Amino acid sequence: MDIEQRLHQLEIRYRAASGAANAAKALYLALAAESTASPTQVARAREHWQRLDTKRREIASRLGEIESQESWLS
């Protein structure tokens, strides 16, 4: 697979991961503001959001690595 294809696939994965992380953060913030939400629910939602955000950052890091490889090869 060439660099352009790898970048394209990672960009697709990044957008999906970013959207999922944003949705999970919105859920966490909504639960945190909800007086009837249990502390366990809030903690689980926060952990889920943080896991997804970590995945998003990992993909962004790979994108940066590939882009720097591409500029080095040019």
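Only the coordinates and a few stated rules stand behind these numbers; no lab work does. Note that this is a predicted model, so its numbers are computed, not measured. When we count neighbours, we look across all protein chains shown, and the Cβ atoms used for this are built from the backbone with ideal geometry, even at glycine.
Side notes on the structure shown:
- Acute angle (nearest 10 degrees) that the helix 3-33 long axis makes with the longest principal axis of the chain, alpha-carbon atoms: 10
- Radius 12 Å from Cβ of Ala16, net charge of other residues (Lys, Arg +1; Asp, Glu -1): +3
- Structure-derived Rg and Dmax of the Cα atoms in Å - corresponding label in (1) 18.1, 55; (2) 16.6, 57; (3) 18.5, 53: (2)
- Gained length - Glu4 relative to Glu58, 0.36 nm times residue gap less alpha-carbon distance: 17.6 nm
- Sorting Trp72, Trp49 by the number of Cβ atoms found within 10 Å of their own Cβ, with the fewest placed first, yields Trp72, Trp49.
- Expected 222 nm ellipticity per residue - DSSP helices of 4 or more, -39500 (n - 2.57), all of the chain, to 500: -32500 deg cm²/dmol
- Rounded tilt (10° steps) of 39-73 against the dominant C-alpha axis of the chain: 10
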